[in-house]
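K.L.:
Handing you a structure now.
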Amino acid sequence: MSSNGKMIRKKDLTIWQKVYIPEILKGVRLTIAQIFKPKFTYSYPEERFEPQPSFRGRPVLVEENGIERCVACGLCSRVCPSLAIEVQASETGLEKERYPVKFEINMVRCIFCGFCEEVCPEEAIVMSKEYELVFTSQEEAVFGKDRLLKSTEELKDRLEFLRQHR
Amino acid sequence: METLFLVAVIKFVLYVAVVLVAVILVGWIERRLSAFIQNRLGPNRVGPYGSLQILIDVVKLLLKEDIVPKNAYKPVHDLAPIISIAVALSTFAVVPIGNTIELFGHEVKLMIASVDVGILYMLSMTSLGVYGVTLAGWSSNNKYSLLGGLRSSAQMISYELSMGLSVIGVLMISGTLRLDQIVVHQARYLGGWLPAWNIFLQPVAFITFLVAAFAETNRLPFDLPEAEPELVAGYHTEYTGLKFGLFMLAEYSNVFTACAVITTLFLGGWHLPYVENLGLTALALSILQVLTFCVKVTLVLLFFIVVRWTIPRFRYDQLMNLGWKVMLPLALANVLVTGFVLLLI
């Protein structure tokens, strides 16, 4: 803007552009061309969105040969920004010596950031591909070990992705 | 006399049904077409291809709580949407859908009222529509609503002038104010082959009237009164439930009426060229003409919707500038030139 407040254009508009109607018609042609281009909507629930392995869905506990990998160290619980994880450790006769007798994630608090997965020393908690979560009460939203355990076959994609990129 | 009364009642009921169905149709076409332009599907679950979505939306609005702000002036707050919807629905009464038909030995005109002042009735009704908007903005006790209402009324009043003046050119050619006579007058041929539609005889008036129609119905690029980023929701911010639904219905109804009036005045109404020589029966011809009217109105409506997603919104000073400094002189010049040419011929 110059000092007297008038707008300086780099190139003044042609007479056809000033009338504005031909410009409108050019725009209308573009708009009508868009009508016939493909649409990007998924007809959910008939067509689901299948995410890539790098997608951060809900956190799940990895189950190897029927036993969870988790040693109940409590690191995920400490690092969680929204205090969603609660771990209670106990002794076991297996080689790993510790196991979580109570492992609860409050899904209403979980923000799907993936810090728990990043900090876990045993690769025992990973972000799966599930994003369809429905609960009808706050009590129902607290996921215990029964809903959190998933076997390594189901989590192949994510474990492979972590192997490559960590 | 009994037959005439019965005919009048039937026409009235049919017209009300037609307007309400037309409003639903306008809403459906707008939502689906807008979605397609934006590379997405619109509503497609309710009814075939989503056609009943507007109906369900109205039902949803009916079930919502009616909230009136504490310091709002309740009588006027309740009255404003009623004015809007009453005016919007009644403007359509003078638009002829088809040619005069012979029914039971009487001549039946396919419009509710062939008043002597046809087009003036429509212009005055749109002037009354300003009341609905202004009262809504004022009575809400909300500075954004007030600004939206004032802006909208200023915009509508400014563009009514150019709308009226652009119609004068059409009136000079047709020599009558009655809309059905204007359409009959356009059912001629110039030079033997060109239909004498007013868009060919009065192109400047057509453009002026089109732009003014966009401004009257608060449609982009002139939709500053309802611009969400600027005025929250403009004059209907404080309205919930059915009252808000009435404003939406009134807006769609205004769009439909504007398209119908543009078709009647400039595009030849129900006239389909070269079809009289085919020798069809009177009934088939009537049906064809009504269908032609519908197709023409739909085309103008598509233009309205596509332009909405093409042009950026006008700023308020640009809007008033256009209305007073460009459209008004253009319409006046059109009247001058038309009068001059008519004197020479």
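The values are calculated or read from the model by the stated rules, or taken from the named source; none is laboratory data. All values derive from a computational prediction rather than experimental measurement. No Cβ is skipped: glycine too gets one built from the backbone with ideal geometry, and neighbour counts run over all protein chains shown.
K.L.:
Considering only residues of segment A:32-64 that are among the polar types (S, T, N, Q) and touching a helix residue (DSSP H, G or I) at 6+ places or on another chain (Cβ under 9 Å), which is farthest from A:R147 (Cα to Cα)? Break it down stepwise before answering.
P.N.:
The first filter runs over segment A:32-64 and keeps only residues among the polar types (S, T, N, Q), leaving A:34, A:41, A:43, A:52, A:54.
From what's left, touching a helix residue (DSSP H, G or I) at 6+ places or on another chain (Cβ under 9 Å): A:34, A:41, A:52, A:54.
Details: A:Q34: 45, A:T41: 31, A:Q52: 22, A:S54: 22 Å.
Among those residues, the one meeting the criterion is A:Q34.
K.L.:
Right, something else. Going through segment B:144-196 one residue at a time, which ones are of a type in the set (S, T, N, Q) and in contact with a Gly (Cβ under 9 Å, 6 or more places away or on another chain)?
P.N.:
Residues of segment B:144-196 of a type in the set (S, T, N, Q): B:145, B:152-153, B:155, B:158, B:162, B:166, B:174, B:176, B:181, B:186.
Selection gives B:S145, B:S152, B:S153, B:Q155, B:S158, B:S162, B:T176, B:Q181, B:Q186.
K.L.:
Please count how many residues of segment A:67-102 are within 27 Å of the chain's Cα centre (by Cα), surrounded by fewer than 17 Cβ atoms within 10 Å (Cβ to Cβ) and either β-branched (V, I, T) or at pLDDT below 90 (or both). Reasoning before the result, please.
P.N.:
As a first pass, look at segment A:67-102 and keep what is within 27 Å of the chain's Cα centre (by Cα): A:67-88, A:100, A:102.
This time we only want the ones that are surrounded by fewer than 17 Cβ atoms within 10 Å (Cβ to Cβ), so: A:67, A:74, A:78-79, A:81-83, A:86, A:88, A:102.
Remaining after also requiring either β-branched (V, I, T) or at pLDDT below 90 (or both): A:67, A:79.
Looking only at that region, the number is 2.
K.L.:
Picking from B:I29, B:I56, which residue would you name as being surrounded by fewer than 15 Cβ atoms within 10 Å (Cβ to Cβ) and assigned to a helix (DSSP H, G or I)? Step through it out loud before you land on a result.
P.N.:
Numbers: B:I29 fails: surrounded by fewer than 15 Cβ atoms within 10 Å (Cβ to Cβ).
When all the criteria are applied, what remains is B:I56.
K.L.:
Among the residues of segment B:246-254, is there at least one that is out of contact with any helix residue (DSSP H, G or I) (no Cβ under 6 Å at 6 or more places or on another chain) and either among the hydrophobic types (A, V, I, L, M, F, W, C) or within 14 Å of another protein chain (Cβ to nearest Cβ) (or both)?
P.N.:
Here is the first cut: in segment B:246-254, the ones out of contact with any helix residue (DSSP H, G or I) (no Cβ under 6 Å at 6 or more places or on another chain) are B:248, B:251.
Applying the additional criterion that residues be either among the hydrophobic types (A, V, I, L, M, F, W, C) or within 14 Å of another protein chain (Cβ to nearest Cβ) (or both) yields B:248.
Checked against the condition, which is being out of contact with any helix residue (DSSP H, G or I) (no Cβ under 6 Å at 6 or more places or on another chain) and either among the hydrophobic types (A, V, I, L, M, F, W, C) or within 14 Å of another protein chain (Cβ to nearest Cβ) (or both), segment B:246-254 yields at least one hit.
K.L.:
Which residue pairs have Cβ atoms under 6 Å apart, sit 6 or more places apart or on different chains, and have a first residue in segment B:15-43 that is away from chain A (no Cβ under 12 Å) and a second that is surrounded by fewer than 15 Cβ atoms within 10 Å (Cβ to Cβ)?
P.N.:
Partner pairs satisfying both residue conditions: none exist.
K.L.:
Would you point out which residue out of B:V341, B:V307 is farther than 24 Å from B:A154 by Cα and either more than 12 Å from chain A (Cβ to nearest Cβ) or at pLDDT 90 or above (or both)? Let's see the steps before the verdict.
P.N.:
On the way: B:V307 fails: farther than 24 Å from B:A154 by Cα.
Of B:V341, B:V307, the one residue that is farther than 24 Å from B:A154 by Cα and either more than 12 Å from chain A (Cβ to nearest Cβ) or at pLDDT 90 or above (or both) is B:V341.
K.L.:
With respect to B:V290, is the statement that it is assigned to a helix (DSSP H, G or I), over 23 Å from B:V167 (Cβ atoms) and either within 24 Å of the chain's Cα centre (by Cα) or not acidic (D, E) (or both) true? Working first, answer last.
P.N.:
Working: assigned to a helix (DSSP H, G or I): yes; over 23 Å from B:V167 (Cβ atoms): yes; either within 24 Å of the chain's Cα centre (by Cα) or not acidic (D, E) (or both): yes.
When the stated conditions are applied, B:V290 passes them.
K.L.:
Another question, then. Show me the helices (runs of 4 or more DSSP H) found entirely inside segment A:1-98 where at least 3 residues are within 14 Å of chain B (Cβ to nearest Cβ). Reasoning before the result, please.
P.N.:
Details: elements: A:15-19, A:21-35, A:75-79.
Ranges flagged: A:15-19, A:21-35.
Results for (1) in contact with a Leu (Cβ under 9 Å, 6 or more places away or on another chain); (2) at pLDDT 85 or above; (3) closer than 26 Å to A:E23 by Cβ; (4) within 14 Å of chain A (Cβ to nearest Cβ), shown as yes or no for each residue.
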{"site": "B:L179", "(1), (2), (3), (4)": "yes, yes, no, no"}
{"site": "B:Y189", "(1), (2), (3), (4)": "no, no, no, no"}
{"site": "B:F206", "(1), (2), (3), (4)": "yes, yes, yes, yes"}
{"site": "B:T217", "(1), (2), (3), (4)": "no, yes, yes, no"}
{"site": "B:L220", "(1), (2), (3), (4)": "no, no, yes, yes"}
{"site": "B:P225", "(1), (2), (3), (4)": "yes, no, yes, no"}
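K.L.:
Evaluate the following for A:I105: is it loosely packed, with under 14 Cβ neighbours inside 10 Å and either of a type in the set (A, V, I, L, M) or part of a strand (DSSP E or B) (or both)? Give the steps one after another, and end with the answer.
P.N.:
Numbers: loosely packed, with under 14 Cβ neighbours inside 10 Å: no; either of a type in the set (A, V, I, L, M) or part of a strand (DSSP E or B) (or both): yes.
It is false that A:I105 is loosely packed, with under 14 Cβ neighbours inside 10 Å and either of a type in the set (A, V, I, L, M) or part of a strand (DSSP E or B) (or both).
K.L.:
So B:K243 ticks every box in (1) basic (K, R); (2) closer than 20 Å to B:S158 by Cβ; (3) at pLDDT 85 or above but one. Which box is left unticked?
P.N.:
That leaves (2) as the condition not met.
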